[in-house]
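Below: the structure, in structure tokens.
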Amino acid sequence: MTNENTPAVQKCAALARLQVEPEQVERLAEDFDRILDAFRGLTELDVSGVKPMTGALDLQDIVRADEPRPSLERERLLAPAPKVEDGFFAVPKTVDGDA
Amino acid sequence: MTRVISKQSGQTWFPVIGLEVHCQLRTRTKLFCGCANEFGAEPNTQVCPVCSGQPGALPVMNSRALELALRAAVALDCDVAPWSKFDRKNYFYCDLPKGYQISQFDRPYCTGGGIELASGKRIALTRIHLEDDAGKAIHDRGPDTLVDLNRAGIPLIESVTEPDLTNADEAFEYLTRLKEIFQYIGASDCDMEKGSLRCDVNISVRLEGEELRTKVELKNLNSFRNVKAAIDYEIQRQIEAWENPDETAHPVQETRLYDTNRGVTRTMRAKEDAHDYRYFPDPDLPELHVSAEQLERIRRELPELPAARRARYAEQFELSEYDASVLASEREVADYFELAVRGSGRAKETANWITNELLSARNERGPETKLEELGVSAEALAEMIELIAAGTLSKSAGRKVLAAMIETGKRAGVLVVELGLEQVQDTGQLEEWCRAALVGQDKAIADIRDGQQKAIGALIGQVMKASAGKADPAKAREILLRFVQEHG
Amino acid sequence: MRDAHGLRQSILAGERTVLDVARATLASIDERADLNAFLPVEAEPILERARELDESLARGAAEPGALFGVPVALKANLAYEGRELTCGSRILSGYRPPYTSTVVQRLLDAGALPIATTNMDEFAMGSSGENSAFAPTLNPWARDYTPGGSSSGSAASVSAGIVPLALGSDTGGSVRQPAALCGVTGFKPTFGRVSRYGLVAFGSSLDQVSPFANSVRDAELIANCISGADPMDSTCLEHAPIQPVERANLKGLRIGLPAEAFGDGLDASVRQKVEAAIEALCELGAERVPISLPHSEHAVATYYVVATAEASSNLARFDGVRFGARQEGDGSLAGMMGATRADGFGDEVKRRILLGTHVLSSGYYEAWYGRAQRVRRLIHDDYRRAFESCDVVICPTSPTPAFRLGERKADPVAMYLSDVLTVPASLAGLPALSIPCGTVSSDSGDANLPVGLQWIGPALGDESLLAAAKAFQSNTDFHLATPPLRREQAGA
């Protein structure tokens, strides 16, 4: 029996670049079921006219001056990288936009 | 409105074109960190924890980027939003360190505005928004794709037009005007070769009275000329595709790359089920507010824009449309011109010296050269023009002096003496040269007497030659004419 | 080692060196390895730092900092240049950040001795410590029980007396809840009073670096050191660091008691302890004020929608390109990223990434994320109204005492409901702390488990919240209770 949330899980896994095994998909879809059901009340609340709260603070216009700060030495930047070539991060061959 | 008549069917098609232009802002540092915003550094040397997306690093907005973006908005007559915010655009790619681009989705910092073309047609803007640039993925060096993050985080403004354009020429002109303006106000270098201006084209064709048909996005356009060529090609391609009786050959919604070598566009990727970027407000960045006072200040500080200058030069200085346009299209040249005119009081001469001599000298040194690098200040040029007007220097000697000014950085007055180019006004000396020029010229003398005035040109030429260009040609002419009359 | 103030004094008085302290701490980390509170320790840099501190003291170089020589354990999500930063995840194994977080820098500036990183639920996602990719942390009070989470190791290390101070991060209760379950003090400052620069993000609009200590006074000491404006964090407030404020007694303190927090879901023994503590408060002069926070019932849903949405985006950077462990997958770029993330993230992290992706995706955004943002404001406004009639909101920190390892692991909803009493203050961005208020016998009678009393103050009311809680602790001894397995104080 396929869960009604299975397509959503599959779509999200693709969007989130998470390879998920088929048997995991079913389990995750069941989790979706339970979690979203537990959260259902949220969707039934009347929120008309309420301004969204995007952060805990009402801050605005926090900016910095356009003044250079030192960049990292390249060795330090590249040290944690899984694969490095010639001062670049190296990844499997791809064409632009094809990821 | 441009119509394209199909060669095959005779049907009339109407192209519908919109442009999305990304310009890197000319700040010293990146949009959200203090790394240098400079082109051409060694790969991955202008990168810090923030722009490489190290876990835990946070963005802080560059105030200068907002200032430049606002100048662009004011210059293009946009409506600046009293508040705007940053949103995350989520997608995965190897050149996108954070896994999202910080952009503006439903509250861009400005909307509306536009640019007027020479024809009077106005290309309307939908919006401009601020965002950070991605890094660079290099695919043609070895078996792996290589990633350089120097570009990651550089501030961009993306301006999006309404689908108001109907042909390649309009696109070319729009881009030219946009570039002029952004350069004028110091917002962006708009150098396509360095990638500081990038243009994507949305294009479709339709028949009279129809709704819009399937839209294709063109990418990889690395010069204005390619934009033009790609649009021309794509219009024809789409018309032919629509007129193909086989429906599977009809245009599909996709992104196509322009192949510069072959002059064609080809499929890059089909738009699967359109990307789902899951935009949401970036919780790391507070809202941006722009006050009326701030906008007023920016408006006040904005330079006179190229279109206004062109019109003023034509009217105030009675310059030709061409000269006005050449002088006004770059702010440095225009400012230089105006300063020189203020010194010499002679607009037409000044325009000629700049367009004929200085700009070609500059161009010879390469496209990067600035006018000021020639070392001839506007005051110095004005002085030289005055020397000519006063008769101290001939026009041809003027060219030599100007060349020497560029070479040595000395002022015209000094060089005239050093080079011995001061025009000779002394009548005795002039008479001597004229007398010599008339020797053996009986035919010319007779012609002049017969009223054939142009024969005198050759004689003046002789005098100039003999005097090494120092003779005042007007005076030489007077003397020659007197001698010819006296001769007989 | 229980007392940070006292420890510093003893070092300055020459009773022991920082090196003594460092060695003793490392020894007790070893001795309590059974708790899994710490991730692998690199001793040498810690000893090196201790020697430097001793030398600087001997030289009389500068005024010794407020945390001079005091060992502070760090949750494994705080960047400290060159030290492994795993966030309890396989995907970051071996990752050493090229920079230092603002809070760790401030600890260093205050002369503290940062100690190895502590175990945690992977990427701070969990309420039990069981989502660590390495091993579950055990509760020092009873090793079959969880210490709570996600700052599990930090809570356990302070509770077990290994260190007097530890830093954790509190997104929806990840410091207050384990503080309650381990019987220590946990303090979450107002959102924005402590820089997040260098704290690996989970829910950016909620995350706040927060200390554990054995007393409010020590929590205040370290909060004073780490708080204050930071130009590297746009959401960090300009306000001055949190200042110690003294309050002689609790006379006239209006304590708001939200009906919703004392409902049916509350464990009877927890209720009893909390009510006894409230009674004690009133005996010290506080006045009860019944209040209502009507939108509380939606807080857990709101919190999980907001936090998972932000997390789905925050965790996108773990793609195998620039750091961390890479899996090649099918050899394509997308395949490499997909395999790296599939292999590197644990089940709960995947679940939350997917949930967060879902609530932001086209067609669901308005129904879930858009709504949650609005309900968040309603919850925020509930508190604003409540604080018109009271000075502090008092309620339990957790509806139950510590639960058994494995008890809720299979049921994400049950686990999420562990946070029901802590997420509202997180959503509203308010300062909140949890202090011990006695112990209760476990259901099976095999253990005594601590109960936490939660104090929530109005925004930016950190100082007066701490002052009131200090006054409470100076008149009570709940906070002096220690777990039975605790070793004797090192070196004392």
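Quick notes on this one:
- Per-residue Cβ neighbour rank within 10 angstrom, fewest leading, C:S150, C:S210: C:S210, C:S150
- Angle of helix A:22-38 to the longest C-alpha principal axis of chain A, folded into 0 to 90 degrees and rounded to 10: 60°.
- Sparse-neighbourhood loop sites, trypsin sites (Lys or Arg not before Pro) in the stretch C:177-256 - DSSP loop, at most 16 other Cβ within 10 angstrom: C:K251
- Two-site label geometry, B:R269 and B:D79: point separation in nm, points 7 Å out along Cα→Cβ: 3.4 nm
- The stretch B:205-339 - Debye-derived log10 I(q)/I(0), Cα point model, q = 0.12, 0.15, 0.19 Å⁻¹: -0.89, -0.93, -1.00
- C:S441-C:V41 FRET efficiency (beta carbon distance; Förster radius 35 Å; 0.05 resolution): 0.50
- Electrostatic dipole magnitude of the stretch B:4-293 [Cβ: Lys, Arg +1; Asp, Glu -1; Cα centre; debye, to 20]: 520 debye
- Amide H to amide H distances under 5 Å link C:I291 with C:L257, C:A259, where only residues 5 or more positions off or on other chains count and H is placed in the peptide plane.
- Cα-based equivalent ellipsoid of the stretch B:427-487: semi-axis lengths in Å, sorted from largest, via gyration tensor: 18, 11, 10
- Length added when fully stretched, B:E247-B:S223, from 0.36 nm per residue minus Cα-Cα: 5.3 nm
- Inter-chain shielding of A:25-34 (mean C-beta neighbours from other protein chains, 10 Å cut-off): 3
- For C:K350, the aspartates and glutamates whose Cα falls under 18 Å of its own Cα, not counting residues fewer than eight places away in the same chain, are A:E21, A:E23, A:E26, A:E30, A:D31, A:D33, C:D121, C:E122, C:E130, C:E310, C:D319, C:D411.
- Rg then Dmax, both in Å and based on the Cα atoms of the protein assembly as shown: 37.5, 143.
- The calculated FRET efficiency for B:A403 paired with A:K93, based on their beta-carbon distance and R0 = 51 Å, is about 0.45.
- Cα gyration tensor shape of the stretch B:305-418, rounded if a/c is under 1.5, else prolate or oblate by comparing a/b with b/c: oblate
- Shielding value for B:63-72 is 2, the average number of Cβ atoms from other chains within 10 Å of each residue's Cβ.
- Using 0.36 nm per residue and subtracting the Cα-Cα separation, the extra length available between B:R342 and B:Q453 on full extension is 36.2 nm.
- Base-10 log of normalised Debye intensity for chain C (one unit scatterer per alpha-carbon) at q = 0.08 Å⁻¹: -0.43
- Förster radius 25 Å - calculated FRET efficiency between B:H139 and B:E38, Cβ distance, rounded to 0.05: 0.60
- With the simple spin-label model, which puts each label point 7 Å out from Cα in the Cβ direction, the B:S63 to B:Q485 separation comes to 7.6 nm.
- Proxy reagent accessibility, fewest Cβ within 10 Å first, across B:V439, C:V440, C:V70: B:V439, C:V440, C:V70
- Label zone of C:R385 (point 7 Å out along Cα→Cβ, amide N under 18 Å): in the stretch C:434-469 this covers C:458-459.
- Partners of B:K454 within straight-line reach, counting lysines whose Cα lies under 27 Å from its Cα and excluding those fewer than 8 residues away in the same chain: B:K348, B:K395, B:K400, B:K443, B:K465, B:K470, B:K475.
- Backbone N under 18 Å from the C:V289 label point (7 Å along Cα→Cβ), restricted to the stretch C:371-414: C:380-396
- Stokes-Einstein translational diffusion, chain B - Kirkwood Rh over all Cα pairs, 0.692 mPa s, 37 °C, in µm²/s: 122 µm²/s
- The residue list B:F14, C:N77, A:A56 was ranked by how far each Cα lies along the charge dipole of the protein assembly as shown toward its positive end, using unit charges on Cβ atoms, and B:F14 comes out on top.
- Inter-label distance, nm, simple model (7 Å from Cα along the C-beta direction), B:A436/C:A276: 12.6 nm
- Annotation: the residues C:L57, B:L31, sorted from fewest to most other C-beta atoms within 10 Å of their own C-beta, follow the order C:L57, B:L31.
- Three-way shape label, the stretch C:296-375, alpha-carbon gyration tensor, a/c 1.5: prolate
- Gain upon complete extension [B:R206, B:L419; 0.36 nm per residue less C-alpha separation]: 69.9 nm
A short reminder: the numbers here are calculations on the coordinates, not readings from a lab. Every value quoted in this text rests on a predicted model; they were computed, and no experiment measured them. Every residue, glycine among them, receives a Cβ derived from its backbone with ideal geometry; neighbour counts consider all protein chains shown.
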